[in-house]
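Novice: Submitted below is the structure of interest, expressed as structure tokens.
The values are calculated or read from the model by the stated rules, or taken from the named source; none is laboratory data. This is a predicted model, so every value here is computed, not measured. Note that we place each Cβ from the backbone using ideal geometry, even for glycine, and neighbour counts take in every protein chain shown.
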Amino acid sequence: MKKILLLSSFIFFIFSATAQECFMIKTETNYWDASGTYDGYTLFGTRGTSYLIDFEGHVIHTWPIGTNPRFTEAGTLLDAVGGNPSNQNTWEELDWNGNVVWSYTETRSNYHGHHDFEKIYNTKLGDSTFIYIANKDLTSAQCLAAGCDASQTYTNPQMDAIVEVNRQGTVIWEWCFFDHVVQDMYSGLPTYGIIASSPGKINLNIAGNPVKSDWLHCNSLDYNQDLDMIVINSVHGEFYVIDHGNTFVPNLPDSSIARAASSLGDFKYRFGDPAKYNSGNPPSVLTNWDKSTTGNKQIGGAHDIQWIKPGLPGAGNFLVFNNAENLFELTPQSYIFEINPYLNSSGTNTGSFVNPPDAGYNIVSPANSNLMKEKKNISKQVVWIYSSKNNVDFYSTIGGSAQRLPNGNTLVCSMNDGHFFEVYPGDSSIVWEYINPMTRDGLKHVKPDNYPTYNGVFRAYRYTSDHPALTGHDLTPGNTMTGFTPDYFTPGDLTAVKNNSYDQPKKNDMLNQNYPNPFNNNTTIEFNLDESKQVSVVIYDFLGNLVKSLVNKTYSKGNYKLKWDGTNDSGQNVTSGTYFYVLKADNQQISRKMILIK
């Protein structure tokens, strides 16, 4: 959003990257540093449509599906049908023209697909397959027989499974949490064990969280072809690595499922909340009630777990969108974590998974006292963190994604506000920012204050023009989603303080003082151009909120007059007060103050 503050005789232009701290925000592209971004196009789904856009927000192409889309190496668009990431039993692959070239529906009544899926290349099968997350129904009797606390009631219990099907839609492998559980209440059961000594299994009786419907709420998974392993993330603050290669048997589904249910399918690595397996401290409120600690918990409400792909900076490390819910920070905010699971306590890369509690923790102080945060334990396996300096600028309670780009940048999607931004790794500066204009109430050029996910986007991805899904297709930019001409800041706009007398473009482009001033009905704004150029004239209120776009078009050389009648872009009369009008041409801008009296 654009803001203007009056400092004596100076005009101070500042750029805000968030929707949380203001009531109105302009949607679509807000900022672009063309020299810092990684070239390509951004794909996202919203309200049942997938959009491919360029940096300025021009729409390149759309598809008639839009839940959690991504391109495949086969050149198709893969997505779930129905528009709800939390409930999806049918998935489709579409070609460039929107034709369905493959689909799969989970027809088993006791399996409920949700959140994430992926098309992979199964190295042992030598063919592409499809994996997805599904909640698998259990019975109360099954839970009690496994060792769930008998004092609890189990209604519609479920545990997540990972299901793999071949091109023909036949289930060829399956792994389920229920086959990898431990409990320390009933010594006569085969699941009995010491929780802290069983990091490869999940505790059936986690304090305060008995098994229930959608118990773990897993929301993302990823496949590593080189390792032949799968990682799956639970919203409750952990992700788990599963060995696919040593449990899959080609062309023998029953054997594959049996091996996946055996100890071969126990977790190879887990990260996030060691208190869940009695190997660390949980978050807690301190005795004075106005402070809290995150304990040894690292992530909460996290999404989009993934391995950083080969050839990219950080390849082989994990990247996760750490929503940071349930971390009990006094002032919460979201983070992006990069994790090297092979690091030990001395920081040595061992080449094999190291249990995070064994690697230990660094005690990290908040970067600034105004964050109002306590010191916290950060795993020594966390090698990079992104967070906004202002803790209200980046916080998404649900959803979200992060993608490492070849130039080292990271593309982030913050779901709550439909907010995409690309982060430079060096100083974590923002090089591109976009706000999804599609809301529950349709397309909005300006997004009003509203509840979270009003314009939410689950994930966003960046693809280059040579990706198989884009090669050979027309990538000519169309209109923006709203139809408005792109209007965004560039690095030249983000100067610290601009004196109005030095703020004028070179040559003779002049923005005169409006007249009359003060005024009560309408006023005239005059400007002069020494040559033909694209010009925009925009009005802001004293707090920097966009009030009115008077014009945005190409003018020939000459003198021009514009009228403002004291109304906003919706045609409503604005209140008395101080306003600023800004002329922008050739990446230069001039501003002047005017006063409306009614």
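Novice: List the number of the failed condition for LEU204; all other conditions in (1) under 30 Å from the mean Cα position of the chain (by Cα); (2) at pLDDT 95 or above; (3) under 21 Å from ASP266 (Cα atoms) hold.
Specialist: (1)
Novice: Given the structure, is LEU327 among the aliphatic types (A, V, I, L, M) and not in a loop (DSSP other than H, G, I, E, B)?
Specialist: Values: among the aliphatic types (A, V, I, L, M): yes; not in a loop (DSSP other than H, G, I, E, B): no.
In short, no.
Novice: Could you list all residues from the stretch 267-303 that are surrounded by 19 or more Cβ atoms within 10 Å (Cβ to Cβ), under 14 Å from ILE206 (Cβ atoms) and among the hydroxyl-bearing types (Ser, Thr, Tyr)?
Specialist: TYR277
Novice: Out of TRP63, TRP96, I need the residue that is touching a His at 6+ places or on another chain (Cβ under 7 Å), at pLDDT 95 or above and not β-branched (Val, Ile, Thr). Which one?
Specialist: On the way: TRP63 fails: touching a His at 6+ places or on another chain (Cβ under 7 Å).
None of the other options fit; the residue is TRP96.
Novice: Can you find even one residue in the stretch 398-415 that is over 21 Å from PRO425 (Cβ atoms) and crowded, with 21+ Cβ neighbours inside 10 Å?
Specialist: Filtering the stretch 398-415 down to residues over 21 Å from PRO425 (Cβ atoms) leaves 398-399, 415.
Still in the list and also crowded, with 21+ Cβ neighbours inside 10 Å: 399, 415.
Checked against the condition, which is being over 21 Å from PRO425 (Cβ atoms) and crowded, with 21+ Cβ neighbours inside 10 Å, the stretch 398-415 yields at least one hit.
Novice: Take the residues of the stretch 373-414 that are under 14 Å from ILE339 (Cα atoms) and among the hydroxyl-bearing types (Ser, Thr, Tyr): which is farthest from the chain's Cα centre (by Cα)?
Specialist: Residue satisfying both the conditions and the ranking: SER379.
Novice: Here's another thing I want to ask about it. Given the criterion at negative phi and either touching a residue at least 40 places away in the same chain (Cβ under 8 Å) or in contact with a His (Cβ under 6 Å, 6 or more places away or on another chain) (or both), identify the matching residue among TYR335, TYR342. Explain how you work it out, then say what you get.
Specialist: Numbers: TYR342 fails: either touching a residue at least 40 places away in the same chain (Cβ under 8 Å) or in contact with a His (Cβ under 6 Å, 6 or more places away or on another chain) (or both).
Being at negative phi and either touching a residue at least 40 places away in the same chain (Cβ under 8 Å) or in contact with a His (Cβ under 6 Å, 6 or more places away or on another chain) (or both) holds for just one of TYR335, TYR342, which is TYR335.
Novice: Of the residues PHE248, PHE178, PHE239, which single one is at negative phi, assigned to a loop (DSSP other than H, G, I, E, B) and crowded, with 17+ Cβ neighbours inside 10 Å? So that I can check it myself, show each step before the final result.
Specialist: Numbers: PHE178 fails: assigned to a loop (DSSP other than H, G, I, E, B); PHE239 fails: assigned to a loop (DSSP other than H, G, I, E, B).
Only one candidate qualifies: PHE248.
Novice: Next up: What pairs can you find where one residue is in the stretch 530-543 and among the acidic types (Asp, Glu), the other is at pLDDT 85 or above, and their Cβ atoms are less than 7 Å apart, with a gap of 6+ or different chains?
Specialist: ASP530/LYS557; GLU531/LYS557; ASP541/VAL547
Novice: Touching a residue at least 24 places away in the same chain (Cβ under 8 Å) and basic (Lys, Arg): does that describe ARG259?
Specialist: Values: touching a residue at least 24 places away in the same chain (Cβ under 8 Å): no; basic (Lys, Arg): yes.
Spelling it out, it is not the case that ARG259 is touching a residue at least 24 places away in the same chain (Cβ under 8 Å) and basic (Lys, Arg).
Novice: Then there is this: Of the conditions (1) at pLDDT below 95; (2) buried (at least 18 other Cβ atoms within 10 Å of the Cβ), ASP79 satisfies every one except a single condition; which number is it?
Specialist: For ASP79, the failing item is (1).
Novice: For the structure I just gave you, tell me whether THR90 is at negative phi, at pLDDT 95 or above, touching a Phe, Trp or Tyr at 6+ places or on another chain (Cβ under 9 Å) and of a type in the set (Val, Ile, Thr). Walk me through how you get there before you give the answer.
Specialist: Numbers: at negative phi: yes; at pLDDT 95 or above: yes; touching a Phe, Trp or Tyr at 6+ places or on another chain (Cβ under 9 Å): yes; of a type in the set (Val, Ile, Thr): yes.
Yes: the conditions hold for THR90.
Novice: Quick one: in the stretch 203-237, of everything that is among the aliphatic types (A, V, I, L, M) and touching a His at 6+ places or on another chain (Cβ under 8 Å), which residue is nearest to MET185 (Cα to Cα)?
Specialist: Narrowing the stretch 203-237 to residues among the aliphatic types (A, V, I, L, M): 204, 206-207, 211, 216, 221, 227, 229-232, 235.
Applying the additional criterion that residues be touching a His at 6+ places or on another chain (Cβ under 8 Å) yields 216, 229-230, 235.
Working: LEU216: 21, MET229: 32, ILE230: 30, VAL235: 26 Å.
Only one residue tops the list, namely LEU216.
Novice: Starting from the stretch 345-363, keep only residues that are assigned by TED's automatic domain parsing to the domain that holds SER197 and part of a loop (DSSP other than H, G, I, E, B), then list their pairs with residues that are surrounded by 12 or more Cβ atoms within 10 Å (Cβ to Cβ) and among the charged types (D, E, K, R) whose Cβ atoms are within a distance under 7 Å, requiring at least 6 positions of separation or different chains.
Specialist: Qualifying pairs under 7 Å: none.
Novice: Picking from ASN499, ASN455, ASN521, ASN517, which residue would you name as being surrounded by 13 or more Cβ atoms within 10 Å (Cβ to Cβ) and either modelled with pLDDT under 90 or of a type in the set (D, E, K, R) (or both)?
Specialist: That would be ASN517, the only listed residue that is surrounded by 13 or more Cβ atoms within 10 Å (Cβ to Cβ) and either modelled with pLDDT under 90 or of a type in the set (D, E, K, R) (or both).
Novice: With (1) outside any strand (DSSP E or B); (2) touching a strand residue (DSSP E or B) at 6+ places or on another chain (Cβ under 8 Å); (3) modelled with pLDDT of 90 or more as the list, and SER570 as the residue in question, which single condition is left unmet?
Specialist: Every listed condition holds for SER570 apart from (2).
Novice: Just name the residue that is nearest to GLY75 (Cα to Cα) out of those in the stretch 118-150 that are among the aliphatic types (A, V, I, L, M) and assigned to a loop (DSSP other than H, G, I, E, B). Show your work before the answer.
Specialist: In the first step, residues of the stretch 118-150 are kept if they are among the aliphatic types (A, V, I, L, M); the result is 120, 125, 131, 133-134, 138, 141, 144-146, 150.
Filter again for assigned to a loop (DSSP other than H, G, I, E, B), leaving 125, 138, 150.
Working: LEU125: 21, LEU138: 38, ALA150: 51 Å.
The qualifying residue nearest to GLY75 (Cα to Cα) is LEU125.
Novice: Continuing with this model, one more query. Would a scan of the stretch 304-315 turn up a residue that is crowded, with 19+ Cβ neighbours inside 10 Å, of a type outside the set (Val, Ile, Thr), more than 18 Å from the chain's Cα centre (by Cα) and part of a helix (DSSP H, G or I)?
Specialist: The answer is no; no qualifying residue exists.
Novice: Considering the stretch 322-347 alone, what residues qualify as being among the β-branched types (Val, Ile, Thr) and over 25 Å from ASN409 (Cα atoms)?
Specialist: Looking only at the stretch 322-347, we keep the residues that are among the β-branched types (Val, Ile, Thr), and these are 331, 336, 339.
Scanning the stretch 322-347 gives a single hit, THR331.
Novice: When you scan the stretch 32-45, do you find a residue that is buried (at least 22 other Cβ atoms within 10 Å of the Cβ), out of contact with any Leu (no Cβ under 6 Å at 6 or more places or on another chain) and part of a loop (DSSP other than H, G, I, E, B), even just one?
Specialist: Checking the stretch 32-45: not a single residue is buried (at least 22 other Cβ atoms within 10 Å of the Cβ), out of contact with any Leu (no Cβ under 6 Å at 6 or more places or on another chain) and part of a loop (DSSP other than H, G, I, E, B).
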